[in-house]
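Structure record follows, encoded as structure tokens.
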Amino acid sequence: MSLPERPITILIAALGGEGGGVMADWLMEAATAVDLPAQATSIPGVAQRTGATTYYLEIYPVRKSELGGREPVLSLTPSPGNVDIMVASELVEAGRAMANGYVSPERTTLIASTHRIYATVEKMQMADGRYEADKVVAAARELAKLTVLFDMRKLAEESGTIINAVLFGAMAGSGALPLARERCEDAIRKGGRGAEASLRGFAAGYDIARGSRKPPEQPAAPKRATELADIMRLADERLRDYQGKRYAELYRRRMEPFVRGDARVAATVARHLATWMSYEDIIRVADLKTRASRFERVRREVGAKGDEPVVVIDYLKPGIEEFASVMPAPLGRRLVAWAERRGKLDAYNIGMHIKTSGLFGYALVRSLAWLRPLRPSSYRYAEEQGLIERWLGYVAEAAKRDAGLAYEIADCARLIKGYGETHRRGKGNFLAIADALIENPPTAEAGEQASAIRKAREAALADPEGKALGTTLGKPVVWMKPVKSS
Amino acid sequence: MERQFTKEIESLRLAEGATFHGEGILAVTKALLQSGVSYVGGYQGAPVSHLLDVMVQARDYLDELGVHVEACTNEASAAAMLGASINYPVRGAVTWKSIVGTNVAADALSYLASAGVMGGTLIVLGEDYGEGGVVAQERSHAYALKSLMWLLDPRPNLPKIVELVERGFELSEASNTPVMMELRIRACHVRGSFSAKANRAPAISKRERLPGPPAEFVYDRLAHPPATFRQEKLKSDVRLPAARKFIAEHRLNEVFPGAEGELGIIVQGGLYNTLILALRTLGLADPFGASRIPILALNVVYPLVPEEITQFCASKRAVVVLEEGQPEFIEQEIATLLRRADVQAKLHGKDVMHMAGEYTAEAMVRGLAKFLGEHAAHLDMASGAQWIEAVGGTKRKAAELLGALPVRPPTFCIGCPERPVFSAMKLVAQDIGRPHVSMDVGCHAFASFEPFSQGNTLLGYGMSLAAAAGVAPLQARRPVAVMGDGGFWHNGLLSGVASNLLNKGDGVLIVMKNGYASATGTQELLSTPPEETRKQAVGASAVHADRSIERALAGLGVKWLRTVNNYRVSEMAKAYREAMTTDEKGLKVIVAEGECQLERQRRLRPQVAQKLKRGERYVRVKYGVDEDSCTGDHSCIRLSGCPTLTVKDNPDPLRTDPVATVIDGCVGCGLCGENAHAAVLCPSFYRAEVINNANLWDRLWAKL
């Protein structure tokens, strides 16, 4: 008989703790049980902790008994263009497999879960550093011979098991594996612990790959207000809730110069203005933390079942800035100025663990929310409104020259967010850009100015410690506090 | 220890004729017992950790056989252990990760190789070269050459590896020379099977002891002048020829014939499988290894047997040597041998292959295509060219469609006690400026990746403080050295601390006291907390129960010494700031205390499951982020990097940047809250205590 030219090769890309090793065991067991020559390798070690790791298997699809004592020489290392089944437990890992050449249109069945586990570099940016995952799905359709893509993590959760069982099922269901379903299930059973749950996950994955069961629904994309009318309606609700009707009217007045101008500029100003005007001061935070809806959400997020009691403890650490923020403006200004001079802005923060779910803690936090009527006369209010007016002035001025420039300036409001040090830093970055590129622009050409502002803003968002922004602005942005002599 | 080897220990007991299924490195372990070793030692490190780990766990069985097992504190002590085979006819084996382990062991190895051995000695090296390698990239081969020790590089196939272990001991005895066996990462972890033999209880053992030392004093067994001069001559005059004779007689190297008799490939045994794949891709081999080009697979890469080389090359027009890494030791030796014997075959090697780095199938296909293109134009290698072109095309297309993908280096585990220390360091650096950070080997080296991105030097295991010795006097700002407790006991206490004290150095040392050599699989250390305390602590940290690190430091004379609970970020930051800024001269040591979270969770998980099963009260802690007060600035992530602290779409339709969120898997270590406090980050973090199987009091309280 003529024997196959090559073994069936399987490469599994997993993250630490997803049971990739167990899956390799199942495959070895199933292949060995039917007398197929098989070999598995891996590169464990520290990569297995939390990083990306791989398992590689080769199965020669002819029983040993039919080979007359000959043994196939199986490879220990996957090579590009030579993979029959590429398994990825996460979407970007599927992308990595493609980038490394392990998925080829002539040969590879790609089986991957579409959920995302974000890498640290994606999470740590000031703005949105997430990789556009849709690219992976699009590339998979183009580069793989066959794809089985769905949210296997969700399915695993529904089946009460971990993702490896679902991936194994999808692999068997794809038809690319030289092993019958029963053999695979036997291997899982032989593995012992948790076999029942794994078999459920396996069956679900198998059926979806076969097309006899629908994959789990994708969660709806987040709702974003993009039309000016929508934004202004939401802003109105938000600011009424934040400070009352008159405050919402202030918002409308501020928007007037923009509503009939360039649509993109108007929408951007409207969006940032709404969130800026509802800045997160101690009053706002106290209010948000003591709403009934918040406790419901916490229960949901921590997965509390039925009537299980949940104790919620909040971590608050108000300091000079927070106290000053609710003081009458002149008093607050003097306090902050004093603290800044002495480098004591962060020196007197009081760390509090408040049991907001308890009677006393709730009353304490709620009482802060009741300070709302005092807000318009507070120091922080005066500061924020001043900066808002300045920003609006920049945008309005630029809009007369060029809509593109106005847009870039409007979007700089994105830099100001967070609390404490982060907020100060964001504000500092905003002011640095305003100083270097808006008030004293190195060029009179609107297009060039707009592009310089965009670059500076992106640098500040990608690297909040300010090194990249300093490079972009051509002068260092130093955020190191002066060394205190001890 | 991280892994339980219950099943593997069973397979170590397999009797004659039974089939062993398992990993390469465990096949080596079984082969050691089949060879009748009397003692085994080593130091853990991927990819050879399992050899020692399984032996340590199989202590009862090894006691039955009389085999002594020692988990050494470093590779030098492991190498020195082989000294037992100098005077006594006992077989011994040790293992470690190479190149680093061999470097540490080198001193003892030189003396061992000089004195020579009576009993067979085998050193199993986890050759951490190429893909997945986590240490400096160098070959172990140089050690074989300079000490005249023999080096095996078996074909990565379990029966062959097992055979070479057994033959290795015989070779060692036949030539009175220690033998090393290098196993690449994937060979250690390859899963296959072999037909087992019965284990041999050693003739001299813990159960069958020798009455005492040798009857006579034999000066020549000491590696000490003048004996060393004689020993140096013995190596080349007697031991080397004896080894060559044994290798040739027992056909340790393999010749695979092929139709193209005028050509030949000489390959390191460990690369054989990749070579067959490359030849198959070029259309020159079948799946069973039948090649058109004759192959000489060197299962022994040092010494070479001159006659084997000249015979293989004698009637050939050209041969190519496939030897991974630099420099091309084997190729150079072959060139000398061929020249001396006046064999005219043209020699290729590094001229068609790259010098540094791994030999992948892709690299071999390209190299062989060059070699064969020059010497065998009649061969049809179109399939190889097509393959290379297709791979290039796919990669280009993927790059175009995908752009740059986010990197995903390994990072600290969920709830790792080392992460808060780096949070504190990052916070303090914002105030006093970034110091020179001397890094060490261990989990804490992950702090070189985002979000901490720190570290200026890495000079080896336990070397961080020593590596700062020259920096401290030359810099206005004090340098800081970070070291794990693994590194501390391996080398750091003497090379770092003692040297610093002797020289009245200034500087700061942070010792991560997590209780284990965690990166290699949580093996026990001298300072591992007592078993009893760990049992009682369940999910809490137990490392406070052992003070041997502090006692050692105080005993040596460290005056400024603080032990700080890692998770108290503010306290850690305070101690660190003080250490960095105090006027007090001398070494300042912070012992950062927090038990490895892997060990804590391993104890906790079964207990929680039982409690819940029995319907007992259990408080589950999870941290969370309020999505409406989170502004999406991610400063918390830049201070943590915990896998469970991540981002999700912003629920606010007016905002676009994602908000922070804590996902399932959070072990409630508390760092999020501590960071929020220490850095005055944001008020969005909360701690939720979910009470499972609540009692009446809980419910009443919850109602309030």
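We did not get these values from a lab; they are worked out from the coordinates using the rules stated. These numbers come from a predicted model, not from an experiment. Because the Cβ atoms are built from the backbone with ideal geometry, glycine has one as well, and the counts that use them run over all protein chains shown.
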Mean Cβ count within 10 Å, highest first, over the residues of peptides A:177-185, A:212-220
A:177-185, A:212-220
GluC sites (Glu not before Pro) within region B:552-587: DSSP coil, no more than 16 neighbouring Cβ in 10 Å
B:GLU584
Members of B:LYS504/B:LYS588; B:LYS146/B:LYS233; B:LYS160/B:LYS346; B:LYS245/B:LYS316; A:LYS154/A:LYS190; B:LYS574/B:LYS622 lying beyond 22 Å, as alpha-carbon distances in this model show
B:LYS160/B:LYS346; B:LYS245/B:LYS316; A:LYS154/A:LYS190; B:LYS574/B:LYS622
Which shape class applies to region B:593-638: rounded if a/c is under 1.5, otherwise prolate when a/b exceeds b/c and oblate if not, where a ≥ b ≥ c are the square roots of the Cα gyration tensor eigenvalues?
oblate
Ranked highest first by average number of other Cβ atoms within 10 Å, how do B:536-546, B:479-489 line up?
B:479-489, B:536-546
Only Lys, Arg (+1) and Asp, Glu (-1) charged, at Cβ; region A:287-376 dipole about Cα centre in debye:
240
Chain lengthening between B:GLU374 and B:GLU532 when straightened (0.36 nm per residue, less Cα-Cα)
49.9 nm
When the Karplus curve 6.51 cos²θ - 1.76 cosθ + 1.60 is applied with θ = phi - 60°, which whole-Hz ³J(HN,Hα) does each residue of region A:155-163 get, with x for Gly and Pro?
5, 5, 4, 4, 8, x, 9, 9, 5
Between region A:1-30 and region A:335-352, how far is it from one alpha carbon centroid to the other, in angstrom?
60
Per 0.36 nm of contour for each residue apart, how much would the distance between A:ARG210 and A:PHE360 grow if the chain were fully extended, relative to their Cα-Cα spacing?
48.3 nm
Give me the tail of P(r) for chain A as a percent: Cα-Cα pairs with distance above 32 Å.
58
Take the Cα atoms of region A:96-197, find their three principal axes, and give me the spread along each one in whole Å, biggest first.
48, 34, 19
If one computes the Cα centroid of region B:45-107 and of region A:383-455, what distance in Å separates the two points?
65
If the viscosity is 1.306 mPa s and the temperature 10 °C, what translational diffusion coefficient in µm²/s does Stokes-Einstein give for the protein assembly as shown when Rh comes from Kirkwood over Cα pairs?
48
Residue by residue through region B:401-417, what is 3J(HN,Hα) from phi via Karplus (6.51 cos²θ - 1.76 cosθ + 1.60, θ = phi - 60°)? Round to whole Hz and write x for glycine and proline.
6, 9, x, 7, 8, x, 6, 9, x, x, 9, 4, 5, 4, x, 4, x
Return the average number of partner chain Cβ atoms within 10 angstrom of each residue Cβ along peptide B:685-696.
6
What is the spread of the Cα atoms of region B:411-552 along each of their three principal axes, largest first, in whole Å?
47, 35, 24
Counting DSSP beta bridges with both ends in region A:1-123, the antiparallel % (nearest 5):
60
Dipole magnitude of the protein assembly as shown about its Cα centre (Cβ charges: Lys, Arg +1; Asp, Glu -1), debye to nearest 20
3180
Which order do B:PHE329, B:PHE169 fall in if you start with the one that has the fewest other Cβ atoms within 10 Å?
B:PHE329, B:PHE169
Rh by Kirkwood over Cα pairs, then Stokes-Einstein D for region A:335-378 at 1.306 mPa s and 10 °C, µm²/s:
123
Stokes-Einstein D in µm²/s, Kirkwood radius over Cα pairs - chain B at 4 °C with 1.567 mPa s viscosity:
45
Provide the percentage of antiparallel DSSP beta bridges, counting only those with both residues in the protein assembly as shown; round to the nearest 5.
40
Using Cα-only point scatterers and the Debye equation, what is log10 of I(q)/I(0) for region B:161-235 at each q in 0.17, 0.25, 0.26 Å⁻¹, rounded to two decimals?
-1.00, -1.23, -1.24
Unit charges on C-beta of K, R, D, E only; dipole of region B:230-338, Debye:
280
For B:LYS346, the residues 5 or more places away or on another chain with a placed amide H closer than 5 Å to its own amide H are B:ALA318, B:VAL319
Proximal lysines to B:LYS535, defined as alpha-carbon separation beneath 18 angstrom and excluding residues fewer than eight positions away on the same chain
B:LYS611
Paired Rg and Dmax values of region B:37-123, which use every Cα atom, in angstrom
12.3, 35
As straight-line cross-link partners of B:LYS206, the qualifying lysines (C-alpha separation under 25 Å, not fewer than 8 residues apart within one chain) are B:LYS30, B:LYS197
Need one value for B:410-416: mean number of C-beta atoms belonging to other chains within 10 Å of its residues' C-beta atoms.
4
Count neighbours as other Cβ atoms within 10 Å of each site's Cβ, and list the trypsin sites (Lys or Arg not before Pro) in region A:235-308 that are DSSP loop with at most 11 such neighbours.
A:ARG260, A:LYS305
Whole-angstrom gap from region B:515-590 to region B:277-345, using each part's C-alpha centre:
54
Which loop-located GluC sites (Glu not before Pro) does region B:240-282 contain, where loop means any DSSP state but H, G, I, E or B and the Cβ has at most 15 other Cβ atoms within 10 Å?
B:GLU262
Please compute, for the alpha-carbon atoms of region A:221-278, the extent along each of the three principal axes and give them in descending order in Å.
31, 28, 16
Spin-label point model (7 Å from Cα, Cβ direction): what's the A:ARG181 to A:LYS305 distance in nm?
3.0
Based on other C-beta atoms within 10 Å, arrange B:THR310, B:THR411 from fewest to most.
B:THR310, B:THR411
Once phi is turned into θ = phi - 60°, what whole-Hz ³J(HN,Hα) does the Karplus curve with 6.51, -1.76 and 1.60 give for every residue of region B:618-630, x standing for Gly and Pro?
8, 9, 9, 9, 9, 9, x, 10, 6, 5, 8, 9, 6
Averaging over all projection directions, find the projected area of the Cα convex hull of region A:1-130 and quote it in nm² with one decimal place.
9.2
How large is the Rg to Rh ratio of region B:363-492 when both quantities use alpha carbon positions and Rh follows Kirkwood?
1.26
Exercise: per-residue mean of other protein chain Cβ atoms within 10 Å, B:282-295:
3
Give the order of A:VAL326, A:VAL73 when sorted by the count of other beta carbons within 10 angstrom, beginning with the fewest.
A:VAL326, A:VAL73
Listed highest first by mean packing, meaning other Cβ atoms within 10 Å per residue, what order do B:687-694, B:459-466, A:98-105 come in?
B:459-466, A:98-105, B:687-694
With N set to the residue count of region B:254-402, report its C-alpha Rg divided by 2.2 N^0.38 Å to two decimal places.
1.06
Take the Cβ-Cβ distance between A:ARG424 and B:ALA142 as r, set R0 to 60 Å, and report the resulting FRET efficiency rounded to the nearest 0.05.
0.60
Among all the lysines, which ones have a C-alpha under 29 Å from A:LYS455's C-alpha, if same-chain residues fewer than 8 places away are not counted?
A:LYS123, A:LYS135, A:LYS223, A:LYS400, A:LYS417, A:LYS427, A:LYS467, A:LYS475, A:LYS481, B:LYS397, B:LYS426, B:LYS648
